[in-house]
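A short worksheet on the structure shown next.
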Amino acid sequence: MSGFLFVVPPLTGHINPAVGVADRLAARGHRVAWACADPGLVRRLAGPGAPVFGCAGPVPGAEGVGRPPELRGAEALKFLWEWYLLPLADAMAPGVRAAVEEFRPDVVVADQQAFAGALVAERLGLPWATSATTSAEFSGAYDGLPKVAEWLRQRLAELRERLGDPSGTADPRSSPHLLLIFSSPELVGPQAPSAPHIHYVGPSLAGRQHRPGFPWEWLTPGRAKVLVTLGTANADAGGRFLAACREALRERADRVQAVLVDPGGVLPAEDGGKDLLVLPSVPQLALLERMDAVICHAGHNTVCEALWHGVPLVTAPIRDDQPVIAAQVVDAGAGLRVKFGRVTADRLGTALDTVLHDPAHRAAAASVRTAFRSAGGAPAAAAHLERLATESR
């Protein structure tokens, strides 16, 4: 049997897709371990018994990068790289190397934004796979932004000089050995890259820890069900938007019942009742089985989880890869996009009515669902990793 070391940043959306893959490999008898700057987060998501090597690094408080919420576009991207991704790679590298030397994996599975995993594996001559937890960079995200693309290339070249093999040429975001993309070409679009080592496996949803306590009896028949969520890293930016959602949903209380996720507690405590349920967290996967539409920030995991269930979306991207993922949803016909910072309750309500009642959006979401489910998910990703380990011996 083989050993696999998963190197991940301390971010829920990047750990969750790997959890099902790691569980599948362990069930097949392989050795599996993790390297992360926040071992507690990994154990919360992967289970308390998950073997985790701690790596020193800047761990975001309350899951976020601490960016000023007003940053958007290229400024937000530069902040993310300069103040988080690059320092995180430098800080994690010694711990990743120590984990490799102690655990002795056959393959390093490096998250797309855990550059230390790829570069340490490169320096030590180990095969490594990329776990691509967002498909944004595979659909022309930097087309028309040559200066941004060149700036990123230079930063990665400098990072390689410090951490990797200076003679190496591979982009640490995209392994030349195996690239696992947790999406499908049907969503990524016509620019989706294709090569023998690239595999679109769709969402990896297995292995999630169940969160008990949701009041399932609150959901009653006769009205459309809507989930509103901005993910786990946007509590600092969501107050105005969630208030607009609340207003739009209450105007439709006769025909819509909604669950609104408010981890930051930005809405008044008196919100709730029979029409709108406001909670700090929800069992999202289980809840999506009963939803008719989702309003979200276009986070890759939330979008893919909704489309796995054939649920159309209203997206309101905030920053990072979210505008690209929102564009993928619109281009696929599986939903609409509104402006996060300027949308009104009326505009939001109109978009929601459209995705709920226009059969074209539901049909497109169902088409993506079919593609996702045929892609194989965690079992397919695990099989590709097994093959890489065998071929590398």
Answer yes or no: is there a residue in the range 231-247 that is in a loop (DSSP other than H, G, I, E, B), of a type in the set (Lys, Arg) and touching a residue at least 12 places away in the same chain (Cβ under 8 Å). no
Pull up the range 20-44, narrow it to residues that are charged (D, E, K, R) and part of a loop (DSSP other than H, G, I, E, B), then point me to the one that is nearest to GLY377 (Cα to Cα). ARG28
Given the range 304-393, what helices (runs of 4 or more DSSP H) lie entirely inside it while holding 1 or more residues that are within 18 Å of the chain's Cα centre (by Cα) and either over 30 Å from LEU5 (Cα atoms) or not assigned by TED's automatic domain parsing to the domain that holds GLU251 (or both)? 322-332, 359-375, 377-391
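Within the range 190-198, identify whether any single residue is in contact (Cβ under 8 Å) with a residue 60 or more places away in the chain and either of a type outside the set (Phe, Trp, Tyr) or touching a His at 6+ places or on another chain (Cβ under 6 Å) (or both), and answer yes or no.
Scanning the range 190-198, I find no residue that is in contact (Cβ under 8 Å) with a residue 60 or more places away in the chain and either of a type outside the set (Phe, Trp, Tyr) or touching a His at 6+ places or on another chain (Cβ under 6 Å) (or both), so the answer is no.
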Contact list, first residue from the range 37-50 and farther than 13 Å from HIS14 by Cα, second anywhere and surrounded by fewer than 18 Cβ atoms within 10 Å (Cβ to Cβ) and charged (D, E, K, R), beta-carbon distance below 9 Å, six or more apart or interchain, is GLY49/ARG43; ALA50/ARG43
Unique match (being in contact (Cβ under 8 Å) with a residue 12 or more places away in the chain, touching a Lys or Arg at 6+ places or on another chain (Cβ under 6 Å) and either closer than 12 Å to GLU386 by Cβ or among the aliphatic types (A, V, I, L, M) (or both)) among GLY3, GLY29: GLY3
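Kindly indicate the residue of the range 1-36 that is among the small types (Gly, Ala, Ser) and either surrounded by fewer than 24 Cβ atoms within 10 Å (Cβ to Cβ) or out of contact with any strand residue (DSSP E or B) (no Cβ under 8 Å at 6 or more places or on another chain) (or both) and also farthest from LEU126 (Cα to Cα) among those meeting that condition.
Result: GLY13.
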Quick count over the range 338-379, residues being touching a strand residue (DSSP E or B) at 6+ places or on another chain (Cβ under 7 Å) and over 25 Å from ALA253 (Cβ atoms), is 1
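The values are calculated or read from the model by the stated rules, or taken from the named source; none is laboratory data. The model shown is predicted, which means the values in this text are computed figures rather than measured ones. Positions of Cβ are backbone-derived with ideal geometry, glycine not excepted, and every protein chain shown enters the neighbour counts.
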